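First comes the structure, then the notes that go with it.
The values are calculated or read from the model by the stated rules, or taken from the named source; none is laboratory data. Everything numeric here is computed off the predicted structure, so don't read it as measured data. Backbone-built Cβ (ideal geometry, glycine too); neighbour counts: all protein chains shown.
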Amino acid sequence: MPGARFAVLMWKENIKYRCGMSVADASQRKTFWLVLERFLRLFLGLALLALSLWKVDWGGLVYHLVHAQCGWLVIALLSVLVSSFMKILRWRWLLLGLGIQREPGFLHLGGAFFIGQAVNILFPLRAGELARVGWLSVNDQQDAFLTAFSVLLEKYFDLVILLGLVTWLGPVLPVEALITSRSWLVPLCAGATLALAAGLWAAPFLWEQISQRWPKRWAGLAERIESWVRSLRLLRSDRRVLTLMVFSVILWGVMLSTNLFVLQALSLPVDLRTGGLVLVLVYLGLAPALMPGNVGPFYYLAMLALAPFGIGISERAAFAVLLHAIVVLPPLFLGGAFLGMDRWKKRGRK
C-alpha cells in the first residue's frame, strides 16, 4: 500500500510538472510571436520609409522645404486645429445624443481626444481609442459603455464618408487601394450599418421582453442596461443622424483642405482629386499602425498619392515631410500638455 501511495503521489507531481511546463511554454511562445510581430511591423515601416526616399534628390528636397511659403503652412496648421476642434465637438454631440448622465466638460473631452491621438502616434498599435475612453471615464466619471459606443459611432460616420471618397476617386485610385476598399472597406461599412440598424431597432424590443423575467437581485445591472437601451432610442432620430452626417462631411472637407494648403505652400498643382487621394490613401494605410509616428507608411502613401499627377519625387517628398509634421505635431504637443496639466492638478490635490 505505501508503494501504491508513493506511485500515486509521483504521478500527481508529474502531472503538475508537465502542466506547469506546458503553461510556461505557451507563455513563452506567445511572447515570442508578439515580439516577432512587432519586429515585422517595424521592419515593414522602415522598408516603406527607405523605399519612399530611395531615389529622392536630397538637395532638391531641402530646397523645396526651405522655399515653402510659411503663410500657407500656418493656414494648414490652423486647419488641423479646426478639424480637431470639430472632431471634439462631434464627439460631444454624440455623447449628448446618447443621453450620457452628465454633460461632458469640453476640457476633459479635449484631453481625452488628444491623449488618444498621441497614443496612436507614439505606439505601434491602435490603442488610442481605448485610451480616450478610459481617460474620459476616469477623469470625467462618464459611463464607459456609452463613451465607447460614441467612439464606434464616430468611426462609423467616418467609414461611410471614406467609402464615398473612394467611390468618387475610383478612376485615379491605385489598384491596391481599390482592392483594399473592395476587400474590407465595403463589407465593413455594410456590416456596421446592419449592426447599427439592428441595435437601434431590435435592442429595445429584446430588452422589453427580457426585463420582465430579469432577477430582482440584479436590479442595479437592469437599471444600467435600461439606460443603455434608452440611449439607443435617442439615436432613432433621422434629423439627428442627418445633422451628424452633414457635420462629418464638412469635417472631412476641412481635413482635405489641409492637404490643399500644403500643396499651395510648395507651389504644386492644387486639385481636389489630389488632396482627396492623399486623404484616402493615408487614412487606409495608417490603420495597421506599423511603427511609432507611422513615418514610413505616411511618407510612402502621401508620395504615392501624388505620383499620378506628374509631380516630381523631390516635391512629393517635401509634401510628405511637411504634411506629416503639420498633422502629427499638434496632437503630440496638446496631448502632452493635457497629460502634464492632469498630473499637476493631482499633485496639487495631494
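Below, the figures for the structure above:
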quantity	calculated
Among (1) of a type outside the set (D, E, K, R); (2) surrounded by fewer than 19 Cβ atoms within 10 Å (Cβ to Cβ); (3) in contact (Cβ under 8 Å) with a residue 24 or more places away in the chain - the single one residue 85 does not satisfy	(3)
Some residue of the range 299-309 being closer than 28 Å to residue 43 by Cβ and within 16 Å of the chain's Cα centre (by Cα)	no
Qualifying residue in the range 104-112 (condition: crowded, with 17+ Cβ neighbours inside 10 Å, of a type outside the set (S, T, N, Q) and over 22 Å from the mean Cα position of the chain (by Cα))	no
Matching residues in the range 118-132 - criterion: being buried (at least 21 other Cβ atoms within 10 Å of the Cβ) and modelled with pLDDT under 85	128
Qualifying residue in the range 89-102 (condition: over 26 Å from residue 292 (Cβ atoms), touching a Lys or Arg at 6+ places or on another chain (Cβ under 8 Å), touching a residue at least 40 places away in the same chain (Cβ under 8 Å) and buried (at least 18 other Cβ atoms within 10 Å of the Cβ))	yes
Qualifying position, being out of contact with any Cys (no Cβ under 9 Å at 6 or more places or on another chain), small (Gly, Ala, Ser) and under 26 Å from residue 155 (Cα atoms), among 287, 317, 307	287
Any chance residue 115 is on the phi < 0 side of the Ramachandran plot, buried (at least 17 other Cβ atoms within 10 Å of the Cβ), hydrophobic (A, V, I, L, M, F, W, C) and outside any helix (DSSP H, G or I)	no
Residues (aromatic (Phe, Trp, Tyr) and modelled with pLDDT of 65 or more) located in the range 144-190	145, 149, 156, 157, 168
Some residue of the range 53-73 being within 30 Å of residue 151 (Cα to Cα) and free of Cβ contacts under 8 Å to residues at least 60 places away in the same chain	no
